[in-house]
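One structure is given below, encoded as structure tokens.
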Amino acid sequence: DRFARSPRTRQARGITFKPWGSPPDEQGYQGGDLRGIVDRLDYLQELGVTALYLNPIFSSASNHRYHTFDYFEVDPLLGGRPALRELLDAAHARDMRVVLDGVFNHASRGFWAFHHILENGPRSPYLEWFHIHGYPLRPYENLNGNPINYEAWWGMPALPKFNTANPGVRDYLFGVAEHWVDFGIDGWRLDVPGDIDDDEFWREFRRRVKKANPEAYIVGEVWHEAQRWLQGDQFDAVMNYQFSRTALSFFGGKNLNTRWQHQDLNLVALDVAGFNAATRRMLGIYDWQINLSQLNLLDSHDMPRALWIVGEDKSALRLCVLFQMTMPGAPCIYYGDEIGLSSAGDPHCRAAFPWNEPDSWDTALLAHYRRAAALRHRYTALRTGDFEPLYAMHDVYAFRRRHADQELVVIFNAGRSKANLLLREVGNWEPVWPEDQSTEIRMETGKIRVWVPPQEAVILIRT
């Protein structure tokens, strides 16, 4: 709803959207749609994007569409099924993948089976599809303050929780998952999967999805450590909020904005020793193949934007982005971060992309994102190479990525003064970052001496 609105999408007559760019804290619809994404694929490809993760797109009575009432229909306001077909075909033609958001823990008040219970009460054959505790149902908190009498996500009346132990519910949800993979999507991002406390449910989900497409990506929204789901029989990866916390807390530590906190993403400034320990921990708790699949994000629609968290320090954000692009895992960009959007958490972080205000874009930051993504594409070692920490002292952190005969050393200086670093690395080395090759390096016997400017990074390749 907030990325891009396409003039090619013909809405039903009488439809009225809020003006594009309306304050995000005002509820309502601004009219972004799936063809709007198609229209901006050139921009996304230039940014270096090879996959898109979309928030829910199925028929819903909320602008973010986490309140699903029909899992087999694409919301008409987004252009419907033909627009999804167009997006998938256009993305695949560019070798881009498309991952959809699956909200399978709960439905909405408007979901057909819940509506059936609303109309029929205890006579409905769908009673066991939800967790009902009395009649008549109270789908809205009434004026007397009576609580709802069914289980709902976080007690929200609009989000009745499925009874996923019911075989009919399981068949329905697995059918949804298979249907859209067969339609051509490339994977599922699973909303609050930990709330379905049933490993066998997710094992069967994986079996069904991988049978439909063995290459489909399954990533769960789990904010804390997720060993339970990453044993090879459930998810391929999780949204790696451990990465978010680690990167933001170190590179943004001098100006870290701690006014926002989350129980699983505790923002506390890290020194380089703490950062080294957190990075080692993050990479050590999972099998290596899992690390290479993790969705490494700096922020999302559920938290403040990264620039806000690092106290509007764009040098810190640039280091976070370069760290993201040089680490094991799949780096994920939240739309608009690359042009300098900054805000507190939901709903402020869900502002419309300012296509009609290009003068507001930070074009230098956009260029940095593009260069960092291109660097990752250029060097296999940054995508699939092994990882070895080399140095962690005095605000400077260095590591090695190596794949076959390709070897790079990545050096970050998060401090406010120039750093002089001596590494025991034999051979010949050349800088590949920064691209202007202004880096000061000197080869000594069996060593490299590197000067790294404040809040900058240097990347070397063995030649």
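The values are calculated or read from the model by the stated rules, or taken from the named source; none is laboratory data. Please read all numbers here as calculations on a predicted model, not as lab measurements. Ideal geometry is used to build each Cβ from the backbone, glycine not excepted, and the neighbour counts take in all protein chains shown. Side chains are part of the model used for accessible areas, which takes the heavy atoms of the whole protein and leaves out ligands, DNA and RNA. Shrake-Rupley method; radii C 1.70, N 1.55, O 1.52, S 1.80 Å.
Some values worked out for this structure:
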{"item": "Computed [θ] at 222 nm, helices only, for the chain once each DSSP H run of length n ≥ 4 contributes -39500 (n - 2.57)", "result": "-8500 deg cm²/dmol"}
{"item": "Percentage of interatomic Cα-Cα distances in region 37-107 larger than 19 Å", "result": "36"}
{"item": "Solvent exposure of region 130-193 as accessible area per residue, Å², 1.4 Å probe", "result": "45"}
{"item": "Space enclosed by the convex hull of the alpha-carbon atoms of region 321-463, per residue, Å³", "result": "131"}
{"item": "Net dipole in debye of region 212-340 [+1 Lys, Arg Cβ; -1 Asp, Glu Cβ; about Cα centre; nearest 20]", "result": "460"}
{"item": "Fully extended contour minus Cα-Cα distance, from THR16 to GLU357, at 0.36 nm per residue", "result": "120.6 nm"}
{"item": "Karplus 3J(HN,Hα) series, Hz, for region 377-392 with 6.51 cos²θ - 1.76 cosθ + 1.60 (x for Gly, Pro)", "result": "5, 6, 10, 4, 4, 6, 9, 10, x, 6, 10, 9, x, 10, 7, 8"}
{"item": "Rg to Rh quotient for the chain, alpha carbon positions, Kirkwood Rh", "result": "1.00"}
{"item": "Kirkwood Rh, Cα atoms: Rg over Rh of region 235-369", "result": "0.96"}
{"item": "Unit charges on C-beta of K, R, D, E only; dipole of the chain, Debye", "result": "540"}
{"item": "Stokes-Einstein diffusion coefficient of region 319-386, Kirkwood radius over Cα pairs, 4 °C, 1.567 mPa s, in µm²/s", "result": "97"}
{"item": "Accessible-area composition of region 1-87, carbon plus sulfur, in percent [1.4 Å probe]", "result": "52"}
{"item": "Kirkwood Rh and Cα Rg combined as Rg/Rh, region 114-255", "result": "1.07"}
{"item": "Positive-pole candidate from GLY79, GLN30, TRP20, dipole of region 1-85, charges at beta carbon", "result": "GLY79"}
{"item": "Degrees separating the helix 272-284 axis from the principal Cα axis of the chain, which is the longest one", "result": "60"}
{"item": "Normalised alpha carbon radius of gyration of region 69-111 [divisor 2.2 N^0.38 Å]", "result": "1.37"}
{"item": "P(r) weight above 20 Å for region 200-307, C-alpha pairs, percent", "result": "44"}
{"item": "Rounded to 5, the percent of DSSP beta bridges in the chain classed as antiparallel", "result": "75"}
{"item": "Dimensions in Å of region 371-410 - Rg and Dmax from alpha carbons", "result": "10.9, 31"}
{"item": "Proximal lysines relative to LYS418, as straight alpha-carbon distance under 23 Å, when same-chain residues fewer than 8 apart are discounted", "result": "LYS254, LYS314, LYS447"}
{"item": "Taking the convex hull of Cα positions in region 101-198, its mean projected area over all directions (nm²)", "result": "6.8"}
{"item": "Under 11 Å from the GLU225 label point (7 Å along Cα→beta-carbon), backbone N, region 271-303", "result": "281-286"}
{"item": "Calculated diffusion of region 1-160, Stokes-Einstein form, Kirkwood radius summed over Cα pairs, 4 °C and 1.567 mPa s, µm²/s", "result": "74"}
{"item": "Cα gyration tensor of region 10-64 - equivalent ellipsoid semi-axes, whole Å, descending", "result": "24, 13, 13"}
{"item": "10 Å Cβ shell holding at most 11 others, DSSP loop, GluC sites (Glu not before Pro): longest site-free stretch of the chain", "result": "216-434"}
